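The structure appears right after this line, and notes come after that.
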Amino acid sequence: MLARLPYGLFALAAILYLAEARGSYAVAGLVDGAFGLGAAAGAPWQSRLIDRLGQRRVLVVAAAVDLTATALLLALTETGAPTILLVACGLVGGMAIPNVGGVLRAMWSGLLRGRERLLPTAFAIDSVALETLFTAGPLLAAGIITVASPLAALVVSAACSLTGTLAFIAQLPSREWRPDPAAGGGLGALRSSGVRTLAFAALPVGFCFGAVEIALPGFAESHGQRELAGVLLATWSVGSLFGGLVYGAITWRRPMSSVYVWLSALLPLGFLPALAAPSIPAMAILITTAGLLIAPQAAACNQLIGGVAPAGAVTEAYAWPVTATLVGFAPGTAIGGALVERAGWEWCFVAAALTALLGFAVVLRYRGTLTPKPAAALSV
């Protein structure tokens, strides 16, 4: 969790630091966007190297590059360097941020061999941890900025990434992990039709995230309480956290592919209750339904990935749904912003429901690819 804290901490710290140092939110947005683009592009590439070279060799180098990119960003900003160099630092930092989450997911099956009934709980805990980080990260950043400065928050972000990564690879399971001899190039994890299905199904989910993140501030502003947008976003995350805890507590008797299909079918319905919200308190309650199925669906997706990933590409396989979600997020915010301005916040939820329905159609059409293959390799 410490290694992954920058996912929730970096964005707010970087935006406020650059807006203050350069006097421009446009520059801040460019750098933050480059960081997100780098994270989306870098996760599969870094994960493929991990499958081929091992966790420790790749994660240590990635953490060092990430730290260097952040240090350069600060130094170049303070010396008045051109914006393009700051954007380059954001891009490199995003590409290098250590993919500890993907590595951990690839290890669960080995760690719980003989206790497979605990796998849904393990993946649910992972999803709940991410929701906690995305909720706590901005709050921690805001606290550090209030007490010290945005620059201090960026330093803490980089320190967490480095310290958490070093602590992770020092653990016995990571020290004992070995790369798969079958690891190679080519299409990598994407040669599995199941991985491709789960990645394509994650694109609409990312769109939904982006649309809702724009819709809630739009709703709060339409009710004259823009400052409460953060509260609504937090309750949305709490809904996902609660859903993940319930999911992890259930002993699933049906195949995980069937569970994933049902969760994908129900996801579009979760966005509809928000359309009936007449006030901020009502929205704080109704928006939780939009979050209830997020962590469970992510947990089911991650459990399925381990079963359909091809030999030698298990870690990389876990990166593709994350990348697809990040890629889908960008048009979600862009289209959502246009809908809020031209039609109203309600249409963001309609768009989210329709897009989630499209994701379900993909899952339903290609559900046959989600059956685990006996030959799937587990890199432990």
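Per residue, the average separation of C-alpha pairs within less than 8 Å and at least 6 apart gives the chain a relative contact order of 27 percent. If R0 is 35 Å, the Cβ-Cβ spacing of LEU112 and ALA142 corresponds to a FRET efficiency of close to 0.40.
Within the chain, the selection of entire DSSP H helices by a Cα span of 27 Å or greater along the long axis and an average Kyte-Doolittle value of at least 1.0 returns 55-78, 119-147, 150-169, 193-222, 229-249, 346-365. Take the Cβ-Cβ distance between ALA361 and LEU272 as r, set R0 to 22 Å, and report the resulting FRET efficiency rounded to the nearest 0.05. Computed FRET efficiency for ALA361 and LEU272: 0.80. Across all directions, the shadow cast by the convex hull of the stretch 6-176 built on its C-alpha atoms averages 10.0 square nanometres.
Here the residues ARG57, ARG254, ranked from fewest to most Cβ neighbours within 10 Å of their Cβ, fall in the order ARG254, ARG57. When the helices of the chain are scored as -39500 (n - 2.57) per DSSP H run of n ≥ 4 and the total is divided over every residue, the value at 222 nm lands at -26000 deg cm²/dmol. Label separation (VAL231 vs ARG254): 3.8 nm, computed from points 7 Å beyond Cα along the C-beta direction. Considering only alpha-carbon pairs that sit under 8 angstrom and 6 or more positions apart, the relative contact order computed for the stretch 188-370 is 47 percent. Here the scattering of the stretch 283-380 is modelled by Debye summation over its C-alpha atoms, one equal scatterer each and no solvent; at q = 0.14 Å⁻¹ the log10 of I(q)/I(0) is -0.69.
Compactness check for the stretch 188-370: Cα Rg over 2.2 N^0.38 Å is 1.04. The ellipsoid that matches the Cα gyration tensor of the stretch 1-70 has semi-axes, each √(5λ) in whole angstrom, of 27, 12, 10, with the longest given first. Other residues with beta-carbon under 15 Å from the beta-carbon of THR77 carry, at +1 per Lys or Arg and -1 per Asp or Glu, a net charge of -2. May I ask you to work out the translational diffusion coefficient for the chain at 10 °C, viscosity 1.306 mPa s, via Stokes-Einstein with Rh from the Kirkwood sum over Cα pairs, reported in whole µm²/s? The Stokes-Einstein estimate is 75 µm²/s. Between ALA282, LEU187, LEU74, the Cα set farthest toward the positive side of the dipole of the chain (charges on each charged residue's Cβ, about the Cα centre) is that of LEU187. Computed with the Debye formula from one identical point scatterer per Cα of the stretch 60-127, without solvent, the log10 of I(q)/I(0) at q = 0.14 Å⁻¹ comes to -0.58. Look at the alpha carbon pairs under 8 Å that are at least 6 residues apart: their mean separation over the length of the stretch 88-226 gives a relative contact order of 15 percent. Rounded to the nearest 20, the size of the Cβ-charge dipole of the chain about its Cα centre is 1360 debye, with Lys and Arg at +1 and Asp and Glu at -1. Its Cα gyration tensor gives the stretch 126-252 an equivalent ellipsoid. The semi-axes, each the square root of 5 times an eigenvalue, are 33, 24, 16 Å from largest down. From most to least packed by mean Cβ count within 10 Å, the peptides 40-47, 337-344, 293-300 give 293-300, 40-47, 337-344.
Bear in mind these aren't lab numbers, they're just calculated from the coordinates by the rules spelled out. All values derive from a computational prediction rather than experimental measurement. Methodologically, a virtual Cβ is constructed for each residue, glycine included, from the backbone with ideal geometry; neighbour enumeration extends over all protein chains shown.
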